[in-house]
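Undergrad: Pasting a structure here, questions to come.
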Amino acid sequence: MNDRLERNKKTVTSFYELMFNDCKPAEAVARYAGDVYIQHNPEVGDGKQAFIDYFERMAREYPGKRVHFKRVIAEADHVVLHCHQEWPGDKDYAGIDIFRLDDQGRIVEHWDVLQVVPGKSANDNTMF
């Protein structure tokens, strides 16, 4: 596999693990984000500080929240994560996160699509 794609996959999963599971968004941004951080999630402000503020608040409001990577796909300068997000006291989510990395392998842009994991399904398949 292409070394650049593997590097990008490792960068994104390490970033997500540090900011979401370890509740250290400022450290994650310092370690893995580029000069800019463009945010497309309408619940989170644009830029690095808005991202840090949001996930510091999520860590306080949802202690024990966890993300589990089900699939990690890389192409060119993008990495896509298919994730199971567990939010204690709230709903679980199936999520697709898309990250764009710059030429130095730093994260510079993020999109996501989230769907609540329902209690029951019209089929016997899981969302993962």
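The values are calculated or read from the model by the stated rules, or taken from the named source; none is laboratory data. Here the structure is a predicted model, which means the values were calculated and not measured. For neighbour counting, all protein chains shown are included, and Cβ atoms are generated from backbone atoms with ideal geometry for every residue, glycine included. Accessible surface is based on the protein model in full, side chains and every heavy atom, while ligands, DNA and RNA are left aside. Shrake-Rupley method; radii C 1.70, N 1.55, O 1.52, S 1.80 Å.
Undergrad: As a test question: what accessible area, to the nearest 10 Å², does LYS9 have when a 1.4 Å probe is rolled over all protein chains in place?
TA: Number for this one is 40 Å².
Undergrad: By the gyration tensor of its Cα atoms, with a ≥ b ≥ c the square roots of the eigenvalues, what is the shape of the chain: rounded for a/c under 1.5, prolate for a/b over b/c, or oblate?
TA: oblate
Undergrad: At 1.4 Å probe radius, can you tell me the per residue accessible area of region 1-108 in Å²?
TA: 52
Undergrad: A further question follows. Using just the helices of the chain, give the 222 nm mean residue ellipticity in deg cm²/dmol: DSSP H runs with n ≥ 4 each add -39,500 (n - 2.57), and the total is spread over all residues, rounded to 500.
TA: After summing the helix terms and dividing by the residues of the chain, the value is -8500 deg cm²/dmol.
Undergrad: Which shape class applies to region 61-128: rounded if a/c is under 1.5, otherwise prolate when a/b exceeds b/c and oblate if not, where a ≥ b ≥ c are the square roots of the Cα gyration tensor eigenvalues?
TA: oblate
Undergrad: Given springs between every Cα pair under 10 Å in a Gaussian network model of the chain, which of ALA28, ALA74, ALA50 has the largest fluctuation?
TA: ALA50
Undergrad: Just how large is the dipole of region 25-128 about the Cα centre, in debye to the nearest 20, putting +1 at every Lys and Arg Cβ and -1 at every Asp and Glu Cβ?
TA: 380
Undergrad: Another question, if that's okay. Could you order SER121, SER14 by accessible surface area, starting with the largest, using a probe radius of 1.4 Å?
TA: SER121, SER14
Undergrad: Also, I was wondering about something else. How much accessible area does PHE69 have with a 1.4 Å probe, in Å² rounded to the nearest 10?
TA: 60
Undergrad: Something else about it: With the dipole of the chain worked out from charges on the C-beta (+1 for Lys and Arg, -1 for Asp and Glu) around the Cα centre, which of GLY64, TYR93, CYS23 lies farthest toward the positive end?
TA: Positive-end residue among those listed: GLY64.
Undergrad: Roughly how far apart, in whole Å, are the Cα centres of region 1-36 and region 68-127?
TA: 14
Undergrad: When only C-alpha pairs under 8 Å and at least 6 residues apart count, what is the relative contact order of the chain, in percent?
TA: This gives 24 percent for the chain.
Undergrad: Taking amide H positions as placed 1.01 Å from N in the peptide plane, with prolines and chain starts having none, which residues 5 or more places from LYS70, or on another chain, fall under 5 Å of its amide H?
TA: Here the answer is HIS82, CYS83, HIS84, since their amide H atoms fall under 5 Å of that of LYS70.
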